[in-house]
Amino acid sequence: MLGLLAMGWACSNEKSEEAVVTAADSAVWSAPDTADWAQQPDGDLLRYGRALVANTTAFFGEKGSIASLTNGLNCQNCHLDAGTRPFTNNYALVASTYPRFRARSGSVETVHKRIADCFERSLNGTAPDSLSREGQAIAAYVLWVGSNVNKGETREGAGLYEIEGLDRAAHPDSGKLVYAAKCQSCHQVDGQGIANGQGGYTFPPLWGDKSYNHAAGLYRLSRFASYVKQGMPLGTTHDKPQLTDAEAWDVAAYVNSQPRPGFDLSADWPDISGKPADHPFGPWADSFSAEQHKYGPFKPIKAFYKAKKS
Ligand code: HEC
Ligand code: HEC
């Protein structure tokens, strides 16, 4: 109980007292131990699933050993450390929350459907059959990552840590400066990254034909800003961010104002009032501008829907 209280306290007064911060740290979620795989009957399947997540391109990229289905990104490019890194878009909450209803499709989704979404949008391609050994291995691995989180439980560091919205719109022009200073050395001035000559990348592209399409999670400014704040430039962790929140939002605006592949969105959000504030494609159940849905500020939009509900 004391630990829990201390945690709440530590969150609101981040840097004040070492002892308290340690108590909070010990409560941060971490993935189960892969050493246990040696004793598990499905250890080989899990090992294969992890390889598919970490090095997707070797199996499914342009020169994939199994099939050519994807754009050359690895799941791990966005789900760092094969989806196990705390705060950074990890898979901690998948096992405890799927199958679940998602407003984007307006249906109850299985874990296979959710994985296929990332293949089709983030990897701008096609998912392997969920019944194939690969489909089974990815799902088994993703579920294993969150196997130490109970249903209904929320854990510090689980999933994607969301940063706060700005009180102004995010600025692509300011973001361009952030990009030049802190991203361009790896992702390149044209955003195309650096290919590794094997159909994949040493530094993945951030826009253009080989990037995620406009239906992907990262195309929403809040997802991009939150991911980048926790994980970029490379080497960044939640405890050692290298961008201010404003820089993260502005660079998100810059990158997501560049061209990228499209996607048929006609089946998404059957109930338009369920769209998140930063879903940039209309129609919307409000009168905020398209510009504001893309760049913010998002707080007034969220407040509008909150008031409507109550
Ligand atoms: C370009 C970035 C990107 C790539 C590549 C990517 N994802 Fe995702 N993925 C995301 C984002 C963003 C989310 C949404 C996170 C959120 O909204 O909390 C997400 C969500 C998920 C979720 C649901 C997580 C949850 O807690 O509900 C699963 C499962 C998932 N991805 C699996 C995969 C798999 C498997 C691959 C590779 C085939 C992959 N992703 C590739 C960006 C990516
Ligand atoms: C030192 C090199 C380096 C720098 C600097 C860097 N990145 Fe990355 N970035 C990477 C690598 C490598 C990955 C893939 C990570 C992995 O697979 O573990 C990546 C992945 C990404 C991804 C997800 C994959 C994709 O292609 O969509 C995004 C988004 C991203 N970086 C944005 C940024 C932004 C924005 C900045 C500047 C604030 C930045 N990066 C700075 C090396 C870098």
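The values are calculated or read from the model by the stated rules, or taken from the named source; none is laboratory data. For clarity, every value in this text was computed on a predicted model and none was experimentally measured. Heads up, the Cβs are rebuilt from the backbone with ideal geometry, glycines too, and the neighbour counts pull from every protein chain shown.
Worth a mention:
- Cβ-Cβ contacts under 8 Å between residues 6 or more apart (or on different chains), taken from a first residue in segment 38-52 that is assigned by TED's automatic domain parsing to the domain that holds Leu80 and over 20 Å from Asp81 (Cα atoms) to a second residue that is in a helix (DSSP H, G or I) and at pLDDT 95 or above, are listed as Gln40/Leu46; Asp42/Ala140.
- Matching residues, segment 59-103, being more than 11 Å from ligand 1 (Cβ to nearest atom) and of a type in the set (A, V, I, L, M): Ile66, Ala67, Ala103
- The residues on offer are Lys302, Lys309, Lys275, Lys229, and the sole one that is at pLDDT below 95, outside the structural domain of Phe119 (by TED's automatic domain parsing) and not aromatic (Phe, Trp, Tyr) is Lys309.
- Condition met for Ala225 (among the small types (Gly, Ala, Ser), part of a helix (DSSP H, G or I) and over 20 Å from the mean Cα position of the chain (by Cα)): no
- Of all the numbered requirements in (1) within 12 Å of ligand 1 (Cβ to nearest atom); (2) part of a helix (DSSP H, G or I); (3) within 20 Å of Ser226 (Cβ to Cβ), Glu162 misses one, and that requirement is (2).
- Of the residues making up segment 232-264, those that are closer than 23 Å to His79 by Cβ and either surrounded by fewer than 20 Cβ atoms within 10 Å (Cβ to Cβ) or outside the structural domain of Gly175 (by TED's automatic domain parsing) (or both) number 14.
- Filtering segment 169-201 to residues that are more than 7 Å from ligand 2 (Cβ to nearest atom) and small (Gly, Ala, Ser) leaves Ala169, Ala170, Ser174, Gly175, Ala180, Ala181, Gly191, Ala195, Gly197, Gly199, Gly200.
- Residue tally, condition touching a residue at least 60 places away in the same chain (Cβ under 8 Å) and either over 23 Å from Phe298 (Cα atoms) or not aliphatic (A, V, I, L, M) (or both), over segment 226-258: 15
- Some residue of segment 37-51 being under 22 Å from Trp207 (Cα atoms), buried (at least 20 other Cβ atoms within 10 Å of the Cβ) and of a type outside the set (A, V, I, L, M, F, W, C): no
- If you go through segment 63-109 and keep only what is assigned to a loop (DSSP other than H, G, I, E, B) and polar (S, T, N, Q), you end up with Ser65, Ser68, Thr70, Asn71, Asn74, Thr84, Asn89, Asn90, Ser105.
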